[in-house]
1. Per DSSP H run of at least 4 residues, take -39500 (n - 2.57); add these up for the chain, divide by its residues and hand me the 222 nm value, nearest 500 deg cm²/dmol.
2. Suppose R0 equals 35 Å; then what is the FRET efficiency for Leu36 and Glu105 from their Cβ-Cβ distance, rounded to the nearest 0.05?
3. Can you give me the P(r) profile for the chain? Cα pairs, bins 5 angstrom wide beginning at 0, each as a whole percent.
4. To the nearest 20 Debye, how big is the dipole of the chain about its Cα centre, given +1 on the beta carbon of each Lys and Arg and -1 on that of each Asp and Glu?
5. Working out 0.36 nm times the residue gap between Lys85 and Asn215, then minus their Cα-Cα distance, what length gain in nm do you get to one decimal?
6. Quick one: which residues, 5+ away or cross-chain, put their amide H under 5 Å from the amide H of Leu159? H built at 1.01 Å from N.
7. Listed here are the pairs Lys23/Lys85; Lys9/Lys140; Lys127/Lys175; Lys2/Lys85; which of them are more than 31 Å apart at the Cα?
8. What percentage of all Cα-Cα pairs in segment 7-126 are separated by more than 17 Å?
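We did not get these values from a lab; they are worked out from the coordinates using the rules stated. Note that the coordinates shown come from a computational prediction; the quantities given were computed from them, not determined experimentally. Cβ atoms come from the backbone with ideal geometry, glycine included; neighbour counts cover every protein chain shown.
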Amino acid sequence: MKCSTDSIKEIRGFQFLINEDNKDELTSKIQEIKSLADSSNNTHILRIAESNYYRFELIFVPKSLVLLSVSTARGTNNINLRDFKSLDNLATLACCASQNEQLKEVMKGFLDSNIREVEIYDLFSKKEEIEVSPNCDEVKWNELKTPEVVPGKWNTTQLASVENLSLKALAGQVKFISISTERPQNSIKFTTFNRLESLCCFLNLVKKKLDENKNFVESVIPLLQTETKKKTVRSKKQ
């Protein structure tokens, strides 16, 4: 599968925004943002990569974990992840679902076929292209069917999963396809099927850049794995 900015408009304008390669400097800057979030008790966001439609960011939750976040450009449609393995799983699920011909057929009469939105152009932008070969053996498939549409009620069918991530079809006031964590509200949702392909391509561009910036990844990992916890000390009576 080829991902190219020539054919997939959502990944046009792709930029990886981390230019520093010194691990000590990266660690210092990231720790500084974490300290600011904790001291102000306000969430801080560090943007790592973006395209005309997607964003990849670090979310610094005060006195808690740092989260990886993948969102659409408007920022309100996002999924938060706890580690880079989950980012790999998200890419695998999006890529394998977008290439599943049976799933495409099932979704044809369920999701919108046209995207009605403003087109975004960059006057000058760098062409990005990458070959993607996901390992779809990691995906556990369920029966591919759409949920029943019942007025005034939300219905869901789970289509596939990779570890703790699930691909679902939902029907209610609107119909959409989503990828969520074990918490259903933590999900990224689309009303058109081809968004899965563009998400797949964006995530693989991000992964390529992360592979080229190992020092950045190594600077972030400790914050993803460490959570501030209050310990209760109990005195024992002799």
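1. Numbers: 5 runs with 71 residues, N = 238.
When only DSSP H runs of four or more count, the value is -9500 deg cm²/dmol.
2. On the way: r = 50 Å, r/R0 = 1.42.
Using R0 = 35 Å, I get an efficiency of 0.10.
3. Over the chain, the share of Cα pairs per 5 Å bin runs 1, 6, 12, 17, 17, 16, 12, 8, 5, 3, 1, 1, 1, 0, 0, 0 percent.
4. Numbers: 35 positive and 32 negative charges, 264 e Å.
So the magnitude is around 1260 debye.
5. Values: separation 130, 0.36 × 130 = 46.80 nm, distance 1.68 nm.
Length gained, Lys85 through Asn215: 45.1 nm.
6. Hits under the 5 Å cutoff: Leu167, Lys168, Ala169.
7. Violating the 31 Å Cα-Cα cut-off are Lys127/Lys175.
8. Details: 4917 of 7140 pairs.
I get 69 percent for the Cα pairs in segment 7-126 exceeding 17 Å.
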